[in-house]
Amino acid sequence: MCGIVGAVAERPVNRILIEGLKRLEYRGYDSAGVALGTAGTLNTVKAVGKVVNLENALLDAGVKGSTGIAHTRWATHGGVTKTNAHPHISNDEIALVHNGIIENHGPLRTALKGDGYEFLSETDTEVMVHLIHQLRQQHDSLLEAVRAAVKQLEGAYGTVVFDKANDNEMIVARSGSPLVIGLGLGENFIASDQLALLPVTRSFIFLEEGDVARITRDSVEIFDSQGNAVERDVVESNITQDASGKGDYRHYMLKEIYEQPLAVRNTLEGRIENDRVTVDAFGASAQQIFKNVKHVQIIACGTSYHSGMVARYWLEQFAGVSCNVEIASEFRYRQSFVHENSLLVTISQSGETADTLAALRLAKEQGYMGSMTICNVPGSSLVRESDLAFMTKAGAEIGVASTKAFTTQLVGLLMLTASIAQEKGRDHSEIISAIKTLPNKLEEALTLASDIEDLAEEFADKHHSLFLGRGSQYPIAMEGALKLKEISYIHAEAYAAGELKHGPLALIDADMPIIVVAPNNELLEKLKSNVEEVRARGGIIYVFADKDTAFESDDTMRVINVNHLEDTIAPVVYTIPLQLLSYYVAVIKGTDVDQPRNLAKSVTVE
């Protein structure tokens, strides 16, 4: 959530900042602002709403600058107002933007007020800029003032500061919230995501936890948390998929749904040879870890948590290892038990999810035999800090509601299952043969779009819904419910179908659509009984069913037939119709599909 872009150059940086913010709109935000410095002046422009509102306000103001910082804000402390929008200014001298939350802002605010500082906003961020201004009077440089300030801060921050008295310098600090430096010729940049800077550079330095850096037009100096000067690797970005355009699609989400067959092909490319998974795809030490692993602990949030829940079925069935799956925000705040020879697996699209990253750092102190992440962003914190990493190669995902990131996570987890199985000498041929067919099966599922679009019309006046699945399809039902609530704002819940009689049947009536995922497997007859329980109570049922299951449409049930699938890959493929259903319902409802209210793409705070 929130986006940061900064630049220090000889040329005006207005266009760079605005274009960078537009590329970060997918992260979710509610207001935006920019501060520009040049020739000893400091100008700030802010706007509520979309970046285009800021762009127009900046044009109306007619100001330019060769040093600047820009920000998209997702409200935490204080409402959605221009006053609360970043950048924040102290004494018309120092400007600051910040991602994260300062937990001890209350006592700091009280102390600064006592020293005569006037607060204009309700934000925790304004505490930072006044504190740095105060400390600037006590130190020889802005760098030293920032280093002194961060020692007093509790919480998470990725922050960029500049002083109008020196418009050839930005100071940046990172603790718990990602920042990346972009390198140019006679100009340098900073952002919360490398995507923001791709139009101006392909050379990046990813700041580590606790780093503070001084960035000028011609140099970058980095200091670690102990104040020691350090060198960080320069990474040349090879990102080739520019997601800045929707092409012929109405929304990014629809585009990304249709990109899933290609995304899965990219995930699989070069990773299966001679009917074996190339274990090196996970990292140099993967083979030894997989051979010895007895237990897998999966940690994730949101959609990624659902992919982990599916993986539990695969790992225990095919790899013969026990598996627990836990929400990161719960795992990190309880005393957990570490099994012998346990592998910690984190899952995150961005690799910067705050709770998941904190859980990884906690687990490193608890005696796990190793850590692994399944992630879509090279160079992200989870990738850098884990022993092993499997890159999903899904390409940039702009829609806030995850689609291709989810399906490629499932593919990565299925390959992890096959890899552990093969290193333990277990039969994994069923996985390999099924996974090779997956891209084509996904393409077949996409042909259901027009039927699902017609079906979605029946949800136009609905306010509640229930999703049902059994076995490995239960987490897919959970994911379907999450998608529907995320983008259509229809209240949706998911249940394991066998749990109906333990409470949810009380909710059933003709106004609550029941969505059922029904592959042709050993649980089919049990599921049919659950469906009859719903029909007996007047529920209207929508079934996504294997064409061989003999479900038939009638007055109380609409059936969308799915081609027969191997049970191994069925959870991946059945995701597609549920994504399409949520998309078309949201379009009918008239919601903001790509940027739903109150949500952010990358959750970098607790």
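The values are calculated or read from the model by the stated rules, or taken from the named source; none is laboratory data. As the structure is a computational prediction, the values presented were derived from the model and not from experiment. As a convention, Cβ positions derive from the backbone with ideal geometry for all residues, glycine included, and neighbour counts pool all protein chains shown.
For the range 292-300, check the following and say yes or no: at least one residue is surrounded by 18 or more Cβ atoms within 10 Å (Cβ to Cβ), touching a Phe, Trp or Tyr at 6+ places or on another chain (Cβ under 9 Å), farther than 22 Å from THR575 by Cβ and touching a residue at least 40 places away in the same chain (Cβ under 8 Å). Scanning the range 292-300 turns up at least one residue that is surrounded by 18 or more Cβ atoms within 10 Å (Cβ to Cβ), touching a Phe, Trp or Tyr at 6+ places or on another chain (Cβ under 9 Å), farther than 22 Å from THR575 by Cβ and touching a residue at least 40 places away in the same chain (Cβ under 8 Å). Among the residues of this structure, THR392 counts as one that is modelled with pLDDT under 95 and surrounded by 24 or more Cβ atoms within 10 Å (Cβ to Cβ).
The residues listed here are VAL338, VAL345, VAL325, VAL296; of these, the one that is out of contact with any strand residue (DSSP E or B) (no Cβ under 6 Å at 6 or more places or on another chain) and either modelled with pLDDT of 90 or more or hydrophobic (A, V, I, L, M, F, W, C) (or both) is VAL338.
One line per residue, one yes/no per condition, for (1) surrounded by fewer than 18 Cβ atoms within 10 Å (Cβ to Cβ); (2) modelled with pLDDT of 80 or more:
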site: ASP509; (1), (2): yes, no
site: PRO519; (1), (2): no, no
site: GLU525; (1), (2): yes, no
site: ARG535; (1), (2): yes, no
site: ALA586; (1), (2): no, yes
site: VAL593; (1), (2): no, yes
site: LYS601; (1), (2): no, no
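I'm told HIS139 meets every condition in (1) part of a strand (DSSP E or B); (2) surrounded by fewer than 21 Cβ atoms within 10 Å (Cβ to Cβ) except one. Can you identify the failing condition by its number? Evaluating HIS139 over (1) part of a strand (DSSP E or B); (2) surrounded by fewer than 21 Cβ atoms within 10 Å (Cβ to Cβ) leaves (1) as the failure.
Mind checking which residues of the range 301-320 are surrounded by fewer than 20 Cβ atoms within 10 Å (Cβ to Cβ) and over 20 Å from TYR474 (Cα atoms)? Scanning the range 301-320 gives a single hit, GLY320.
Among (1) at pLDDT below 85; (2) part of a loop (DSSP other than H, G, I, E, B); (3) not hydroxyl-bearing (Ser, Thr, Tyr), where does ASP461 come up short? Condition not satisfied by ASP461: (1).
Within the range 58-94, restricting attention to residues that are assigned to a strand (DSSP E or B) and touching a Pro at 6+ places or on another chain (Cβ under 7 Å), the residue that is farthest from ARG217 (Cα to Cα) is HIS71.
When residues in the range 471-485 are screened for being crowded, with 24+ Cβ neighbours inside 10 Å and either free of Cβ contacts under 8 Å to residues at least 40 places away in the same chain or of a type in the set (D, E, K, R) (or both), 3 of them pass.
Among the residues making up the range 185-225, a single one is of a type in the set (Gly, Ala, Ser), buried (at least 23 other Cβ atoms within 10 Å of the Cβ) and in a loop (DSSP other than H, G, I, E, B): SER192. Do we find that VAL531 is over 21 Å from ASP461 (Cα atoms), assigned to a strand (DSSP E or B) and not acidic (Asp, Glu) in this structure? Taking the combined requirement at face value, the residue does not satisfy it.
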